[in-house]
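Notes to accompany the following structure.
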Amino acid sequence: MKLSMLKSTGKYSLLLFTLVVSAMLLAGCGSEEKKDAAEKAAPAAPEKIVLKLAMDADPVSLDPHVQLSGGMLQYSHMVFDSLTRYDKDMNFVPRLATKWERIDDLTIRFHLRQGVKFHSGNEFTAEDVAFTLARLKTSEDYKGLFEPFEPAKVIDKYTVDLITKKPYGLVLNMSTYIFPMDKQFYSGTTDKGVAKDLIIKTDYSFANENESGTGPFVVTSREQGVKTVFTRFADYWDKSGNVEEIVFSPIKNDATRVAALLSGDVDFIMPVPPQDLERIKSTEGLELVTMSGSRIILIQLNGERNPALKDPKVRLAMAYAYNNDGVVDKIMKGFATAAGQMSPKGYVGYVPELKPRFDLDKAKALMAESGYPNGFECTMIAPNNRYVNDEKISEAFVSMMSKIGITVSLKTMPKAQYWDQFDAQVADVQLIGWHSDTEDSGNFYEFLSMCRNSETGYGQYNSGSYCNTKVDELTLAAQVETDPAKRAELCQSAEKIQYDEAGFLPIHWQNLSWASKNNMNTEDIVNVMNFPYFGDLIIK
């Protein structure tokens, strides 16, 4: 039958239409089935390896030189990279410097890693090291630390000399805190006419809001105090870790931070509050890592603001009234070591005889002999989210001082607000914690004990304005002494002077703690500096 005949017959036309549509549907079904089969056979795209990180505080800026603090140094290790760094045994290991050699008493030559890129795409060279050291020497917080250094000398593109004014035994220690910045990126001026390399603490600056480091992670989004996203730098030279993104959330409250880990909302927290150590340790799927620490928590007394605190017997009375062991036992739950001095055991300045001296009867007797036998009033500020149990420690101090007639008006505040108030010395009594940047006693004295000097930067964090020229003399002598035994003697003498006149009130050395899911190499990346090397983290 011809097709023309079918067209003239309605029923045949309908039949033909039905056959054609059915064939099309069958063909379509076949292709869909094939498509489904192909999709099932194709491997799924690998999931991005993301670390959800929670710490107790947020970096205050993207500028690594704006503040010398633990939070900013942790940020520096994530976004920048140092010339050298410590391994877990406190040995110096290469980073942006591959090797080094002493040229003379004043000079160490660093040979730099070649082929390293900044986040901007610019190449890392010796010029960037020289630029960074010069900038550090203008930083309000760092200039005291780098005061012993002359300007760096560029030998060639990948060789640079660090030169000191006098013989200095801590050049390698200091190289761990030189995080080279991108000279080309930070040079010139912004569209506001502001120099891009300007260091400003509390206002707009280019470096506060923009970064170009050589480190493992690039800051890809940031809402200060809420969330920062770090994305793995594709051209990073070290391929040790496998984390592709870090979503960092500052969680100030201890209980909330622990709850986030237990619920799975985050993967890694630091620090772990003492009251939750056992809970986390016994929770399946989690790993707890702890380590004895070297961060001293202390209280500074400002006799310039409040004459009562200048009275030697008042200061000693306060030292005897503070129950270090009681605070470690009840508030810190044993997760700290009561301190009688700045230097922890193992540091050159440590003096075994300088113990905590709690004796309430002696404290009362000293007050009775002082110029303030009926007591006095004073003000105090402290952070409430920077150190473990910092607010509770401060409240305990207030209670203990009341027993010898001293009425302390305490105000606590978040870390983000605290440091400006601390720098301004707004209170008679201020609390601070300090981890030696050089892993050496001299660093404590240079920043916390020496007479305040805005030109040199010495005494930058001596908010009590304590000043003893003999301590300064001993500290400066220790800087240039290369004989270990002689240097230890100098540091121990400085420690004992401060103990005898209660230059400050030592509280305890804070232990370190981290907790994470147990599918990562947490123990391998943590250290006594409390700067986990997240670039080396491997999540299985």
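The values are calculated or read from the model by the stated rules, or taken from the named source; none is laboratory data. No experiment lies behind these values; they were computed from the predicted model shown. FYI the Cβ positions are ideal-geometry reconstructions off the backbone, even for glycines, and counts take in every protein chain you see.
Applying the criterion of being out of contact with any Ser or Thr (no Cβ under 6 Å at 6 or more places or on another chain) and within 17 Å of Glu140 (Cβ to Cβ) to the residues of segment 183-200, the residue that is modelled with the highest pLDDT is Asp197.
How many residues are assigned to a helix (DSSP H, G or I), surrounded by fewer than 20 Cβ atoms within 10 Å (Cβ to Cβ) and touching a strand residue (DSSP E or B) at 6+ places or on another chain (Cβ under 8 Å) when one looks only at segment 323-371?
1
Checked against (1) in a helix (DSSP H, G or I); (2) modelled with pLDDT of 95 or more; (3) not acidic (Asp, Glu), Val426 passes all but a single condition, namely (1).
Does Gly442 satisfy the condition of being in contact with a Cys (Cβ under 6 Å, 6 or more places away or on another chain), crowded, with 21+ Cβ neighbours inside 10 Å and either outside any strand (DSSP E or B) or touching a residue at least 24 places away in the same chain (Cβ under 8 Å) (or both)? Reasoning before the result, please.
On the way: in contact with a Cys (Cβ under 6 Å, 6 or more places away or on another chain): no; crowded, with 21+ Cβ neighbours inside 10 Å: yes; either outside any strand (DSSP E or B) or touching a residue at least 24 places away in the same chain (Cβ under 8 Å) (or both): yes.
Criteria not met by Gly442.
Yes or no: Glu369 within 23 Å of Pro271 (Cβ to Cβ), of a type in the set (Asp, Glu) and out of contact with any Pro (no Cβ under 6 Å at 6 or more places or on another chain)? Taking the combined requirement at face value, the residue does not satisfy it.
Between Gly459, Gly503, Gly433, Gly535, the distinction of being small (Gly, Ala, Ser) and not assigned by TED's automatic domain parsing to the domain that holds Ala382 belongs to Gly535 only. Taken over segment 481-523, the criterion of being assigned to a helix (DSSP H, G or I) and touching a residue at least 40 places away in the same chain (Cβ under 8 Å) is satisfied by Pro484, Arg487, Ala488, Cys491, Gln492, Ala494, Glu495, Lys496, Gln498, Tyr499, Thr522, Glu523.
Determine which member of the set Tyr372, Tyr322, Tyr387, Tyr347 is in contact with a Ser or Thr (Cβ under 6 Å, 6 or more places away or on another chain), of a type in the set (Phe, Trp, Tyr) and within 26 Å of Arg452 (Cβ to Cβ). Spell out the reasoning first.
Values: Tyr372 fails: in contact with a Ser or Thr (Cβ under 6 Å, 6 or more places away or on another chain); Tyr322 fails: in contact with a Ser or Thr (Cβ under 6 Å, 6 or more places away or on another chain); Tyr387 fails: in contact with a Ser or Thr (Cβ under 6 Å, 6 or more places away or on another chain).
Exactly one of Tyr372, Tyr322, Tyr387, Tyr347 is in contact with a Ser or Thr (Cβ under 6 Å, 6 or more places away or on another chain), of a type in the set (Phe, Trp, Tyr) and within 26 Å of Arg452 (Cβ to Cβ), namely Tyr347.
Here Tyr320 passes the criteria (1) surrounded by fewer than 20 Cβ atoms within 10 Å (Cβ to Cβ); (2) assigned to a helix (DSSP H, G or I); (3) at pLDDT 95 or above except the one numbered (1). Only one of the numbered conditions (1) within 27 Å of Asn122 (Cβ to Cβ); (2) touching a residue at least 24 places away in the same chain (Cβ under 8 Å); (3) of a type outside the set (A, V, I, L, M, F, W, C) is not met by Thr231, and that is (2). So for segment 352-364 (the condition being assigned by TED's automatic domain parsing to the domain that holds Met342 and in contact (Cβ under 8 Å) with a residue 60 or more places away in the chain), does at least one residue qualify? Checked against the condition, which is being assigned by TED's automatic domain parsing to the domain that holds Met342 and in contact (Cβ under 8 Å) with a residue 60 or more places away in the chain, segment 352-364 yields at least one hit. Checking the structure you have, find out if any residue of segment 174-195 is surrounded by fewer than 16 Cβ atoms within 10 Å (Cβ to Cβ), of a type in the set (A, V, I, L, M) and more than 21 Å from the chain's Cα centre (by Cα). Scanning segment 174-195, I find at least one residue that is surrounded by fewer than 16 Cβ atoms within 10 Å (Cβ to Cβ), of a type in the set (A, V, I, L, M) and more than 21 Å from the chain's Cα centre (by Cα), so the answer is yes. The residue that is nearest to the chain's Cα centre (by Cα), among those in segment 76-105 that are farther than 19 Å from Lys157 by Cα, among the hydrophobic types (A, V, I, L, M, F, W, C) and crowded, with 18+ Cβ neighbours inside 10 Å, is Met78.
In summary, strands (runs of 3 or more DSSP E) completely within segment 12-116 and bearing 1 or more residues that are of a type outside the set (Val, Ile, Thr), at pLDDT 90 or above and within 30 Å of Ala255 (Cα to Cα) occur at 50-55. Taking Glu495, is it charged (D, E, K, R) and crowded, with 21+ Cβ neighbours inside 10 Å? So Glu495 fits the description; yes. Annotation: of all residues in segment 383-431 being closer than 23 Å to Gly459 by Cβ and acidic (Asp, Glu), the one that is surrounded by the fewest Cβ atoms within 10 Å (Cβ to Cβ) is Asp420.
Taking segment 141-173 as the region of interest, how many residues are assigned to a strand (DSSP E or B) and either buried (at least 18 other Cβ atoms within 10 Å of the Cβ) or out of contact with any strand residue (DSSP E or B) (no Cβ under 7 Å at 6 or more places or on another chain) (or both)? Of the residues in segment 141-173, 7 are assigned to a strand (DSSP E or B) and either buried (at least 18 other Cβ atoms within 10 Å of the Cβ) or out of contact with any strand residue (DSSP E or B) (no Cβ under 7 Å at 6 or more places or on another chain) (or both).
Of all residues in segment 260-294, those that are free of Cβ contacts under 8 Å to residues at least 12 places away in the same chain and either surrounded by 15 or more Cβ atoms within 10 Å (Cβ to Cβ) or under 26 Å from Asp89 (Cβ atoms) (or both) total 1. Give segment 445-476 a look and list any residue that's crowded, with 17+ Cβ neighbours inside 10 Å and assigned to a helix (DSSP H, G or I), or say none. Of everything in segment 445-476, those that are crowded, with 17+ Cβ neighbours inside 10 Å and assigned to a helix (DSSP H, G or I) turn out to be Tyr445, Glu446, Phe447, Leu448, Ser449, Val471, Asp472, Leu474, Thr475, Leu476.
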